[in-house]
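Before any comments, here is the structure.
The values are calculated or read from the model by the stated rules, or taken from the named source; none is laboratory data. None of these values were measured; they are calculated from a predicted model. Cβ coordinates were reconstructed from backbone atoms using ideal geometry, including for glycine residues, and neighbour counts include every protein chain displayed. Surface accessibility is based on the protein's heavy atoms, side chains included, excluding ligands, DNA and RNA. Shrake-Rupley method; radii C 1.70, N 1.55, O 1.52, S 1.80 Å.
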Amino acid sequence: MTRSKLFFVLLLSAILAGCGTTSKRGGGYYQNDGPDVNPPKNLQSIPNAQPRIERHAPANMRPYTVMGKQYVPMTGDQPFRQTGTASWYGKQFHGRKTANGEIYDMYAMTAAHPTLPLPSYAKVTRPQTGQSVIVRINDRGPFHGGRIIDLSYVAATKLGLIGPGSGAVIVEAITHDDIRTGAYAQGSPTPVTTQSPATLQPAQHEYQNASTGKLTPISENSGVPQVYLQFGAFSAQQSANSLVDHLNQKISSVEFREAHVAPANDLYRVQIGPYNSRTEALDAGRRIEQETGIVSSLAIR
């Protein structure tokens, strides 16, 4: 049984029993889950995952639905940055198959994410302490409680999340270009700079060449990939339209671009853009998140 299927069974059982889906012992792991009674003593010395270019399994890119909510995995190697709450999972899933078909090892530097490619790598930072770890994404989840990533037991230990059970983090994808250049080892794999909204000009769009770093002017029909912020993908157009209306009512003071619906492959994606570069898009995404509380991801099309 995969972790996601097991989690659904646990959730259903908890609802029928009239209790919560997580244990209060640690505040962040699933019912009946937790750490080993006698965990290894050298957890802090376990090294980060070593990023390497791996083929993304096509089977793991298909949209899927858990508890009535549809998730659309990223289908390519692209920048991604997300802020939210991390949780962790431990002994109950140790030795079971992950969504990637591998065996979950609670003492390996891995993590579960709903939409990042499988397998892939990410840098996870805890802003409260400045601590960061690099994990290999090889599983799907979490699917409840507003959490954005489930860390392995050892990754959560290194970030100091075992005690509180969960905590605020920044998740940044490590792209193949980051691996080729070693950028992930030099700091943020998706560097962000502060930019005032007053400096943003809609007149011309540019594309940041990954190999040279130079900005090249482009047009809508140039065929060059363009950078957008994506806020969700829906099977029902009405749901996408509702989110567009909500965003446009909230963001006018921090963003001159408007949200719109971009239909593709029987889905309706809510996006804003294009942006001159991924840095500009990330800056806008942070401003919009602060204004609305809605987290975005980067989309390249």
message: With the structure loaded, tell me whether Val244 is open to solvent by 10 Å² or more (accessible area, probe 1.4 Å), of a type in the set (A, V, I, L, M) and assigned to a helix (DSSP H, G or I) or whether it fails that test.
response: yes
statement: Scanning the stretch 92-107 residue by residue, those without any contact (Cβ under 8 Å) to a residue 60 or more places away in the chain and more than 18 Å from Val72 (Cα to Cα) turn out to be His94, Gly95, Gly101, Glu102, Ile103, Asp105
- prompt: When only residues in the stretch 134-174 that are of a type in the set (Gly, Ala, Ser) and open to solvent by less than 30 Å² (accessible area, probe 1.4 Å) count, which is nearest to His113 (Cα to Cα)?
  reply: Gly141
message: What pairs come out if I take residues in the stretch 274-292 that are surrounded by fewer than 18 Cβ atoms within 10 Å (Cβ to Cβ) and pair them with residues that are basic (Lys, Arg) and assigned to a helix (DSSP H, G or I) whose C-beta lies under 8 Å away, six or more apart or interchain?
response: Glu291/Lys250; Thr292/Lys250
field: Any chance Arg81 is of a type in the set (D, E, K, R), within 20 Å of Gln230 (Cα to Cα) and surrounded by 13 or more Cβ atoms within 10 Å (Cβ to Cβ)
entry: yes
field: Count of residues meeting criterion [within 15 Å of Ala111 (Cβ to Cβ) and open to solvent by 20 Å² or more (accessible area, probe 1.4 Å)] in the stretch 85-96
entry: 2
- prompt: Restricted to the stretch 252-262, and to residues that are over 22 Å from the mean Cα position of the chain (by Cα) and in contact (Cβ under 8 Å) with a residue 24 or more places away in the chain, which residue is farthest from Thr75 (Cα to Cα)?
  reply: Ser253
